[in-house]
Structures are given as structure tokens and as C-alpha cells.
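The values are calculated or read from the model by the stated rules, or taken from the named source; none is laboratory data. These numbers come from a predicted model, not from an experiment. Glycine gets a Cβ as well: all are built from the backbone with ideal geometry, and neighbour counts include every protein chain shown. For the accessible areas, the whole protein counts, side chains as well, though only heavy atoms, and no ligand, DNA or RNA atoms are used. Shrake-Rupley method; radii C 1.70, N 1.55, O 1.52, S 1.80 Å.
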Amino acid sequence: PVTAVPRGDTVPLSAVQARTLTLEAADPGNPALVMPVAVAIDGELDPATLGRAVQTVADRHETLRTTFHREPGGGWTARGAPAAQVRLGPAEPVAGEAEAQRLAREEPARPFDLTGSPVRARLLRLASASERSSEASEAVGGPARHVLLLTVHHVVSDTLSMVILVREVAACYQALRAGEPPPLPPLPVQYPDFAAWQDRQLRSGALAGQREY
């Protein structure tokens, strides 16, 4: 079974993480190594609480608070941090759906600095028709449509991971808005524990059959 392992100055990398970092080094900023998702949110939204929800989930998963550093010899080391470096800023006003879609397409093309956060969060606020036609748009109230852009480097994420990320952010947001603790139980193991387990399996001969095949 996968069990928790002690943490040192660095955390172990899995085989797929090592492969992904090799691809990143060969072609820095390649958008094919980025996992983006855009979540449309209709109605009333509290951006500050949403930011807290994103931070809570990023802190919960060790991979989302891991930094990756290139060694002089070409290898990589990973270091865990006690808190994630992701921050959701104020909602950015955009003119409409077309501009929001353009920004969502452009976001994955922004390269990651893996010595910092492997996850980014950005909130767009789409102006309503009445706001776009009003000279005093700030004075126009009522619900709006927002788009939450979550962009994660493939070294710490995959498609299923993005589904989990969105689901947990939504659960945390609903709980925090209600003044309740997030309904997410502590994780008994984290991804580096799996990476250490995988390394033990490979060192014990699990790779031999693959090579023979």
C-alpha cells in the first residue's frame, strides 16, 4: 500500500513528473504541458471568498504548493512549501463573452515559472448589456457573470485532477459563504507519497518485466 513517508528538504518525483520536466526543459513554456479550465459562474459572487476557497484547496494538495528547480547537471529537484503561492486577485472587467473567450485561450500560453506556483487563478467579470451601455457602469448593480480561469502545469495535474480541483473549490466556496468549515477531510497520503512508493516498486524489480517486454 501507499503510505506516508517523512519529508526532507526535497520531495520525490514520480516517473511521469520526471518525464514532464524533461519535456519542459526541452521546450520551455510549451502550452501542451498546461492544464487549463474555465468555469462560468452566473449570479451573485463573492470574489474574496472564492479566493479563500482556491487558496484552501491549493494548500490542501501538496503538489499545488510544490516548486521545481533545475539543477546545474540538468536534473530537477522538487521542494514542498507549507502554503501555496496562488493568489486570486480582484475580478477583471471584460466587455463580453468574446473577450472572455480570448483571454481564456491566451491564458495557457503564458509560461510558468516552476520555481514559484505551478497553479494560477484569474477571475473575469463580464459586463452586462446595461453596464456596457451605461456611462456610469460602476453604479449599475445586480448579478453578473464571472469566469474563473484555473491554469495548472501538467507536472502536478492531469484531466481528472482538474475535475477534482474545480469540485473542491466549489465545495469550499459554498461552505465558506455559509460560515462553515470546508467539507474536505484530511488526506492520509499525498502525491509525493505515491512517488516514493512508485520508486520503491521500480527499484524492487517491477521495471524488469516492462524492459523485457
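For a Förster distance of 25 Å, can you work out the FRET efficiency between the beta-carbons of Tyr213 and Ala32, rounded to the nearest 0.05?
Working: r = 28 Å, r/R0 = 1.11.
The pair Tyr213/Ala32 has a calculated efficiency of 0.35.
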Euclidean distance between Cα centres, the stretch 1-21 to the stretch 53-91, Å: 14
Residues in the stretch 7-49 reached by a label modelled at Arg177 [backbone nitrogen below 12 Å; 7 Å Cα→Cβ]: 41-49
Simple label model, 7 Å out from Cα along Cβ direction - Ala48 to Ala206, nm: 4.7
Looking at (i) 31, 19, 18; (ii) 61, 14, 13; (iii) 37, 20, 14, which value of semi-axes √(5λ) of the Cα gyration tensor in Å comes from a calculation on the structure shown? (iii)
Two-site FRET efficiency, Ala40 against Phe194, from Cβ-Cβ distance with R₀ of 22 Å, rounded to 0.05: 0.10
Cut-off of 10 Å, at most 10 other beta carbons, DSSP loop: longest stretch of the chain lacking such GluC sites (Glu not before Pro): 45-134
Return the distance in nm (one decimal) between the two label points of a simple spin-label model at Leu160 and Glu99, each offset 7 Å from Cα along Cα→Cβ. 4.0
Computed [θ] at 222 nm, helices only, for the chain once each DSSP H run of length n ≥ 4 contributes -39500 (n - 2.57): -11000 deg cm²/dmol
Of the accessible area of the chain, with the probe set at 1.4 angstrom, what percent is carbon plus sulfur? 56
